[in-house]
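So the structure is just underneath, and the comments pick up after that.
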Amino acid sequence: MYRTSISLKDIATKTGYSIKTVSRALNNHPDVNEKTKKLILDIAEKYSYYPNLLAKSLRTKTTFTIGYIVPDITNEFFGKVGIVIERELRVRGYSLLVSFTEESEENEINSLKLLLSKRVDGIVLATVGRTGEFLREVIHHFHVPVVVIDNKEEGIKTNLVMHDNMKGAYVLTQHLIEHGHERIACITGPLSETSGRDRLRGYQSALTDHGIPFNEDLIEASNWRIEGGYHATMNLLNRNTKEFSALFVCNSLMALGAYKALKKMNLKIPQDVACVSFDNFDFSEVVDPPMTTLESVEEEVGRKASQILLEKIKDKDTDSVSEYLVQPKLCIRKSCGCEKMIYKEE
């Protein structure tokens, strides 16, 4: 039997709070404490609450839609972040429009144009990092709030939520150094993107701080994908007559490709080559050996990006910017040479 949505009054009755408090919680008002807000949002979701969006949109001149632009939805990170964003927005009456760019600057601009034509209230963007001038127009001419995740857009100030790329790379490289490794190879992402450059810089800083010379022959830039990690690892193995004893891979998809290459060359992990990776995808703990990574951040990135975007929409604020870096936590498994698998907070 079809069940209609409950009202604000119904939620107030079920939670014991006033209609005013319920309304403020559903609209993410800062003066409602988190425990109260969670209880109200849980009841709203359980009983399929939705506001009268047509009346509200006419009154507030909003569409209650948010755009989510990512390079590749098959990448687990973007998929999980999107799920969190959609969950956070749904209980507040918003819907999510998703667009994929396939890491193309042209596609990213077209996606932004499409979302503008749909009159979205805000955008969460995983940018390729080369559309700054058009993004500036989106923010300042069309007055649409934007939160950037995963990769910075250079030359323009935007709201930003991402992993601390430099520190994360530093932590992982340092862990290999603590195992006694000095010849540590690195497979990074595209150096045209700040995430690729920052992870390389974090790796280099860890080497420098521990008195280990930086060797460009041990660096290979690739494309964040499995096949990219495979080819990069093969290039490193073919190029280095003196073997490296450890490998830092700047995302888990490329690390999967590295595993494939090392196996093809009959090299054992970690006995012949110790391996660590940024990210923490679902397969990381079931590959053989389980992969040492950073702890997952998708939940925190999605939740914080949603929070910042909703605040900017509410305040009609496209001038000030908020930046939030998720701090890395080491997830120790066996690919690095550790016998015990533990989570280590840095």
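The values are calculated or read from the model by the stated rules, or taken from the named source; none is laboratory data. The structure displayed is predicted, hence computed values, not measured ones. Every residue, glycine as well, gets a Cβ built from its backbone with ideal geometry; the counts of neighbours run over all protein chains shown.
Some notes on this structure:
- Any hit, the range 276-292, residues being among the charged types (D, E, K, R), in contact with a helix residue (DSSP H, G or I) (Cβ under 9 Å, 6 or more places away or on another chain), in contact (Cβ under 8 Å) with a residue 40 or more places away in the chain and buried (at least 22 other Cβ atoms within 10 Å of the Cβ): yes
- Matching entry among Arg333, Arg303 (being in contact with a helix residue (DSSP H, G or I) (Cβ under 9 Å, 6 or more places away or on another chain) and more than 16 Å from Cys275 (Cα to Cα)): Arg303
- Residue check, Arg197 surrounded by fewer than 22 Cβ atoms within 10 Å (Cβ to Cβ) and either aromatic (Phe, Trp, Tyr) or under 18 Å from Pro270 (Cα atoms) (or both): no
- Of the residues contained in the range 237-250, none is found to be surrounded by fewer than 21 Cβ atoms within 10 Å (Cβ to Cβ), polar (S, T, N, Q), touching a residue at least 60 places away in the same chain (Cβ under 8 Å) and assigned by TED's automatic domain parsing to the domain that holds Ile73.
- Candidates Ile219, Ile226, Ile187, Ile212 - the one that is crowded, with 23+ Cβ neighbours inside 10 Å and either in contact with a helix residue (DSSP H, G or I) (Cβ under 6 Å, 6 or more places away or on another chain) or not basic (Lys, Arg) (or both): Ile187
- Selection from the range 294-321 of residues that are basic (Lys, Arg) and surrounded by fewer than 18 Cβ atoms within 10 Å (Cβ to Cβ): Arg303, Lys314, Lys316
- Within the range 1-32, being in a loop (DSSP other than H, G, I, E, B), polar (S, T, N, Q) and at pLDDT 90 or above holds for one residue alone: Ser18.
Residue-by-condition table, conditions (1) part of a helix (DSSP H, G or I); (2) over 12 Å from Ile69 (Cβ atoms):
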{"site": "Leu97", "(1), (2)": "no, no"}
{"site": "Ile123", "(1), (2)": "no, no"}
{"site": "Val161", "(1), (2)": "no, yes"}
{"site": "Lys167", "(1), (2)": "yes, yes"}
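- Just so you know, in the range 256-272 the residues that are among the aliphatic types (A, V, I, L, M) and without any contact (Cβ under 8 Å) to a residue 60 or more places away in the chain include one that is surrounded by the fewest Cβ atoms within 10 Å (Cβ to Cβ), and it is Met265.
- Matching residues in the range 69-95 - criterion: being in a loop (DSSP other than H, G, I, E, B) and modelled with pLDDT of 90 or more: Pro71, Tyr94
- Residue within the range 137-150 that is out of contact with any Gly (no Cβ under 9 Å at 6 or more places or on another chain), part of a helix (DSSP H, G or I) and surrounded by 18 or more Cβ atoms within 10 Å (Cβ to Cβ) present: yes
- Within the range 140-191, considering residues that are within 28 Å of Ile73 (Cα to Cα) and of a type in the set (Gly, Ala, Ser), the one nearest to the chain's Cα centre (by Cα): Gly168
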